[in-house]
Amino acid sequence: MVDFNNKISIIIDRNLKKLGSKEFAKTRNRLISKGVISYGVKVGEIRRIVKKYFKQFQEKETERSWLKVVKELMATKVLDDQMAGIFLLNLSLKTFEKVSISEIEKLITRYIDNWATCDAISSEVIAKVLKNSPEEIKILYTWTKSENIWLRRTALVTTVKLKNKIKDWQEVASKILSSFSKEKEPIVEKAVYWLERGIN
């Protein structure tokens, strides 16, 4: 059994380190960015570790704030830990904890610095939050005008993921897309292309 006096984030990090593969880490760096720090753990394994410890701590019915654990994992700047944090936030939202859009925005501006974690938080967390709280969709329009490239990409990827899940998606998507006619950042332009394909 896990000792509750230990931090969940430390336990998850240790498990991911053990599962790491240097070869896969090199492959991941080629796909994402040379500057990315990674243990080289495959996504399926990261999900398995997260589910294991989420279930174990959840059954103890602790009052622990899962958002705090998420922040601890994402603050490591290790891709595997950051993905674990995102998957953990997804599980906690499904179960009992509500996190505001403003808190999620802080996670993006503080910790997201590559397309993999950006797309993961867009699909695993934000799209699901907005599906259940469509009145919050207006935040995407704000993000399209942000100087932060990851908020801009998040606005696009989240919109793609919301297709067939919200009312008036076509209208929302067209409005989002109209903000990117002069976009110059390649990492954002790719997401613009995905949304264009979704509309057409």
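Here is how the numbers come out for the structure above:
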{"read-out": "Where K18 falls short, out of the listed (1) more than 27 Å from E189 (Cα to Cα); (2) buried (at least 21 other Cβ atoms within 10 Å of the Cβ)", "value": "(2)"}
{"read-out": "Looking only at region 147-200, and only at residues there that are closer than 18 Å to C118 by Cβ and among the hydroxyl-bearing types (S, T, Y), the one that is surrounded by the fewest Cβ atoms within 10 Å (Cβ to Cβ)", "value": "Y193"}
{"read-out": "Test for E124: is it in contact (Cβ under 8 Å) with a residue 24 or more places away in the chain, over 25 Å from N164 (Cβ atoms) and assigned to a helix (DSSP H, G or I)", "value": "no"}
{"read-out": "Qualifying residue in region 165-176 (condition: under 18 Å from Y111 (Cβ atoms) and part of a loop (DSSP other than H, G, I, E, B))", "value": "no"}
{"read-out": "Every pair of residues 6+ apart whose Cβ atoms lie under 7 Å, when the first sits in region 1-22 and is modelled with pLDDT of 95 or more while the second is of a type in the set (A, V, I, L, M, F, W, C) and part of a helix (DSSP H, G or I)", "value": "I12/I49; I12/V50; I12/L73; I12/A84; N15/I49; L16/I46; L16/I49; L16/A84"}
{"read-out": "Scan of region 34-64 for residues that are modelled with pLDDT under 85 and surrounded by 15 or more Cβ atoms within 10 Å (Cβ to Cβ), ordered by number", "value": "F57, Q58, R64"}
{"read-out": "Residue pairs meeting the criteria (Cβ under 9 Å; at least 6 apart or on separate chains; first over 12 Å from K128 (Cα atoms), in region 89-109; second of a type in the set (K, R) and in a helix (DSSP H, G or I))", "value": "K106/K71; L107/K71"}
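Residues checked against (1) in contact with a Lys or Arg (Cβ under 7 Å, 6 or more places away or on another chain); (2) charged (D, E, K, R):
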| site | (1), (2) |
| --- | --- |
| I37 | yes, no |
| G40 | yes, no |
| I46 | no, no |
| K52 | no, yes |
| K55 | no, yes |
| E59 | no, yes |
| L67 | no, no |
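One line per residue, one yes/no per condition, for (1) surrounded by 21 or more Cβ atoms within 10 Å (Cβ to Cβ); (2) touching a His at 6+ places or on another chain (Cβ under 7 Å); (3) in the same structural domain as K51 (by TED's automatic domain parsing); (4) within 27 Å of K34 (Cβ to Cβ):
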site	(1), (2), (3), (4)
W66	yes, no, yes, no
V70	yes, no, yes, yes
L73	yes, no, yes, yes
L79	yes, no, yes, yes
M83	yes, no, yes, yes
L91	no, no, yes, no
L107	yes, no, no, yes
S122	yes, no, no, yes
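The values are calculated or read from the model by the stated rules, or taken from the named source; none is laboratory data. Everything numeric here is computed off the predicted structure, so don't read it as measured data. All Cβ positions, glycine included, derive from the backbone under ideal geometry; neighbour counts span all protein chains shown.
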